[in-house]
1. Kindly indicate the residue of the stretch 1-23 that is open to solvent by 40 Å² or more (accessible area, probe 1.4 Å) and out of contact with any strand residue (DSSP E or B) (no Cβ under 8 Å at 6 or more places or on another chain) and also nearest to residue 75 (Cα to Cα) among those meeting that condition.
2. For the condition at pLDDT 95 or above, outside any strand (DSSP E or B) and either polar (S, T, N, Q) or open to solvent by 60 Å² or more (accessible area, probe 1.4 Å) (or both), what is the one hit in 26, 67?
3. What do you reckon, is residue 73 open to solvent by 80 Å² or more (accessible area, probe 1.4 Å) and either without any contact (Cβ under 8 Å) to a residue 24 or more places away in the chain or of a type in the set (Phe, Trp, Tyr) (or both)?
4. So how many residues does the stretch 1-23 have that are in a helix (DSSP H, G or I) and either small (Gly, Ala, Ser) or at pLDDT below 95 (or both)?
5. Restricting attention to the stretch 49-64, report how many residues are surrounded by fewer than 15 Cβ atoms within 10 Å (Cβ to Cβ) and modelled with pLDDT of 95 or more.
Amino acid sequence: MLRHIVLLTLKEETSSEAIDNIKAILKTMPANIPEISSYTVGQDLAVSNNTADIGIIADFAGVDEYLVYAKHPHHVDAIKNVIKPHVAQKSAMQIEL
């Protein structure tokens, strides 16, 4: 099993409406990409300093399923048109479970 972890730090000027749109599009991933086994999206609770704004944890049966997700048109389009314009910094990793 593979876990994909992403942390997004948004640009300061990102509006609350844009944040809601980012979260909404992210939450559509499991319905559009059946290779996703488990998927969680959350906004930082701001209880400590120097944290990211949005976190994503996605689980896949293996590397092949992750690669389908990574190249899936719904995922690529969401990143390009909804998410990336607002991202100041992104960190990602994949770990084996």
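1. By that ranking, first place goes to 21.
2. Being at pLDDT 95 or above, outside any strand (DSSP E or B) and either polar (S, T, N, Q) or open to solvent by 60 Å² or more (accessible area, probe 1.4 Å) (or both) holds for just one of 26, 67, which is 67.
3. Yes.
4. 2
5. So the answer is 6.
The values are calculated or read from the model by the stated rules, or taken from the named source; none is laboratory data. Note that the structure is predicted; figures quoted are calculated from it, not measured. Heads up, the Cβs are rebuilt from the backbone with ideal geometry, glycines too, and the neighbour counts pull from every protein chain shown. For the accessible areas, the whole protein counts, side chains as well, though only heavy atoms, and no ligand, DNA or RNA atoms are used. Shrake-Rupley method; radii C 1.70, N 1.55, O 1.52, S 1.80 Å.
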